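Bear in mind that the values in this text are calculations on the coordinates, not laboratory data. Since we're looking at a predicted model, the values are computed, not measured. Virtual Cβ from ideal backbone geometry, glycine too; neighbours counted across all protein chains shown.
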């Protein structure tokens with residue numbers, strides 16, 4: 001695609017300072033969580049993974065039922 005062609009949809013132009021600060025604060029909170037309670041952090045990650053895999057499996061079951 002040539003540079004002078006219009007994009008079919010608007011692209012974000014980056015974030016403001018507030019967005020970057022919030023991202024850094026979130027990242028810092030994750031690091032503190034990992035350093036203060038690594039076992040709990042690992043349990044949260046494991047629970048999130050199981051939830052995501054269950055959701056994917058349920059969508060797959062639904063689509064198989066709808067499609068054929």
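Observations, loosely collected:
- Both the radius of gyration and Dmax for region 17-67 are 16.9, 48 Å, in that order, over alpha-carbon atoms.
- Two-site FRET efficiency, residue 32 against residue 67, from Cβ-Cβ distance with R₀ of 35 Å, rounded to 0.05: 0.15
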